[in-house]
Each structure stands twice: as structure tokens, then as C-alpha cells.
Ligand SMILES: [Zn+2]
């Protein structure tokens, strides 16, 4: 999924800009609703100050920018919309100590019900609800999403198709192990009912963030019209689509959501075989690592507090590390390094696990692990990808391989099973 994101990061262009049509109004990220601060009241006094500070400093905002928007006084965190502290948003009361910490009310917490699982040796995942989120829309939208490429007369590589194949393999294995598998999407059509043409106002607000309606030109050159059209498309497949899927996740209330993707490194728009990257790298993302720019958006401040106070970070990290272990064992590609990219930060024990503030892992409620498979444009994977899905083994480049998608599904199922306390030997190859 990272082709465009990383290109933008490398060229130093901020990926997500807050939109503030009028200076006096709250800044919001694209298509975000006004946050309902009273919804956080259920979390009052449910976490100690020590724990809260720990999560902010180690996971949610290690660069410290969260604190620029806050004042901590005793056990109360006062959150402001701006770093000048002129716009009060919310006061969060923390518990003085563990003894006085109030329990989380079940209805406020995303569905973390792992205690139901792990009691059966043959069905170790019984009681667990796993949501699969195969990345991107695909189908006739794949080129718009820039998740489509083709080298010469080779079969085209369409990331949404690859993600779906891996998810289908994972689903079979997870269900065999007793899990209930639910989906954000099953087809290559948008989950959102919104279409790009319906996002013109939002596209203009995004292109002219600071000047308000007066900054929008009275007439549009063909070039400007193309830019607006492209912005409408970006808002459609990056924002509206993910927001629609978040609503699905909220209704399904899963114990864990897996966002399933194949990665890519940057390259030209008309790729050739000679341009294939020598080696894939692997990564699993947990949620965190907000930048100051992201935190200027009030909805992102709300999302941060909701995620942190819902206590999804521990299961996220555990599941991500468990899946990463399986990825390393099966594929043995090195981890990403992201050494020159501030948006991703290594967290926890596994070299494969990074924290990143992605829209999906921010607004999907409950624990979310965002898994990136091998690079679609790497020498070690490209031929296996264009070979498609198949039963048994095939010889590719002189070596015998099972389907790459079957392997990905098995990695996910084994990772989830080990995380849930079951034996991965119950995840049989199929
Ligand atoms: Zn992707």
C-alpha cells in the first residue's frame, strides 16, 4: 500500500493536511466528523497518570508533541485545540493510583474478549471474532488507486486482488481453528456509497486549506480542474472508503482486525523487469507515533485518546509481534528500517513492528494489526505474485514454491493462533 505514501514522504510533502476553512474553527482531517468529546466521559478515572504518560511517551507520541496541546495538573489532563492553549477541548481525569482506578465499562471498550478463547486444543480460537480487511478497492478502481501495474505482457499486478487472496486463505484457517471471521469487504467495489464527484467541496477545501472559500479561483483552468478531480479521487479511496469500513468494523465489534496488504517500493510509472527491487522487506504496523501536524486536527486528538484509553495497544503489539514472528519464519526477508522516515517508529521487541498513525488503524475501533506482505515489485516475489494462487507447489525460477497467498494466509492464522494462546500446529496447511 505504500507506493504513494512513501513517495510523498520522500519528497517532503505532508501527506495529511488538516482542513480549516475558517481560522476560528476546529481543524479536522479530511472527511472527519466533529469529535464527540462527551463520548470520552466513560473513560474518566479509568487509567492512572503514570500509565497514561507511559503510553503517550513510548507509543502514541514519542516526539512529545502531544504535550504541547495539554496541561497536566495533578491527575487532570487539560487538552487544547491549539499549542497556544486558547481553545479548550476536554478535561480528562486520571486515577491517582491503581486502587482508585475505575473499571472500564464493557460498552466503552472495543471487543476485547480474548479470555473466551484458548480453552480448546482443537479449536483454540473459539469465541474470537477476527475481522479481515483486505486492503484497497480493486476492480475498475485499481488504476485510480494506483494499485495496478503491468510489466510488458505479464499478467497485471492488482494489489486488491492479492490482498483478497491472502485474506481468503487466512479466513479458512482461522475458521478451522474455531474463530468467527468477519469482513470489511468481500468484493472489488467500494464499501463507501460516496463517489469522487460527490467530494468537490471537500477537495476544494483540501486544496485551499487556509484561505477559505475566497481563495478558491472563480474559474478553473483545465490543469486546475485535473488537480481538483485528482483530489476528489484521493479523498474517495483514501478517506471515504476507510471511513465507511470503520463503520463496518464498529458494528462488527471484532476482537482483532487484520488489515492485509502487499508492500511496494517506489519506482517508475512504466516499470520494467530490470527495475525490480532486489529484496523485499517486511513490516507490521501498530497504531501510534502521532506528529504535531497530525495532532493539530481535533479528530486525531480524540482518536488518540479513544485508542489509548480503550487499551487496545497491548493486544495490538502482542498480535503484531506474533504475526511478525511467523512472517520472519516463513519468508525470512529483513525488516523495514524507515531510518529516514519519521512517520514510522520501531516499537516493542520485534524488529518488524513499527508504530504508525494510519487512518485505518486510527479509526477502526479495537485492536488493529496492519500487515504488509512482500514487495509486489521485488525480484524475490514478483514471479510468485504473477504466478497467482494455486494448489500444491510449482517451480518458479528453479525453486519449488507453494502459493505465496497460501503462505500469507498461514502466517496470519498462525500468528493469531499463537497470540491467542493456542498451538500453531492446529493451523494445518490446506
Ligand atoms: Zn496496500
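Computed from the coordinates by the stated procedures, all read-outs in this text should not be read as laboratory data. Owing to the predicted nature of the structure, the values given are computational and were not obtained by experimental measurement. Here the Cβ positions follow ideal geometry from the backbone for every residue, glycine too, while neighbour counts run over all protein chains shown.
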Take the alpha-carbon centre of region 194-227, take the same for region 230-274, and report the distance between them in whole Å. 23 Å
Give the shape of region 314-374 as rounded, prolate or oblate, defined through the alpha-carbon gyration tensor: a ≥ b ≥ c are the square roots of its eigenvalues, a/c under 1.5 means rounded, and otherwise the shape is prolate if a/b is larger than b/c and oblate if not. oblate
GNM on the chain, Cα springs under 10 Å; top mean-square fluctuation among 74, 366, 127 goes to 74
Could you work out how far apart the two model spin labels at residue 85 and residue 349 are, taking each label as a point 7 Å from the Cα in the direction of the beta carbon, and quote it in nm? 4.0 nm
Residue 38-residue 395 FRET efficiency (beta carbon distance; Förster radius 60 Å; 0.05 resolution): 0.45
Using the alpha-carbon centroid of each, what span in Å lies between region 289-316 and region 350-383? 18 Å
Inter-site label distance for residue 180 and residue 200 at 7 Å from Cα along Cβ, in nm: 4.4 nm
Expected 222 nm ellipticity per residue - DSSP helices of 4 or more, -39500 (n - 2.57), all of the chain, to 500: -9000 deg cm²/dmol
Within a 10 angstrom radius of the beta carbon, how do 242, 277 rank from fewest other beta carbons to most? 277, 242
Connecting C-alpha atoms closer than 10 Å in a GNM of the chain, tell me which of 92, 224, 282 has the biggest fluctuation. 224
Segment residue 99-residue 221, extension gain: residue separation times 0.36 nm, minus the distance between their alpha carbons: 37.4 nm
Packing-based exposure ordering (other Cβ within 10 Å, fewest first) of 416, 228: 228, 416
Contour minus Cα-Cα span, residue 387 to residue 268, at 0.36 nm per residue, comes to 40.6 nm
Ranking 345, 226 by Cβ neighbours within 10 Å, fewest first, what do you get? 226, 345
Most mobile of 398, 409, 373 in a GNM of the chain (Cα contacts under 10 Å): 398
Please give the FRET efficiency for residue 189 paired with residue 45, using the beta carbon to beta carbon distance and R0 = 35 Å, rounded to the nearest 0.05. 0.20
Contour minus end-to-end for residue 342 and residue 75, with contour as 0.36 nm per residue of separation and end-to-end as the Cα-Cα distance? 93.1 nm
Please report the equivalent ellipsoid semi-axes of the chain, computed as sqrt(5 x eigenvalue) of the Cα gyration tensor, largest first, in whole Å. 34, 30, 18
Looking at the chain, what % of its DSSP beta bridges pair antiparallel, to the nearest 5? 50 percent
In nm, to one decimal, how far is the residue 314 label point from the residue 251 one, both placed 7 Å along Cα→Cβ? 3.2 nm
For region 258-365, take the convex hull of the Cα atoms, compute a quarter of its surface area, and give me that in nm², please. 8.2 nm²
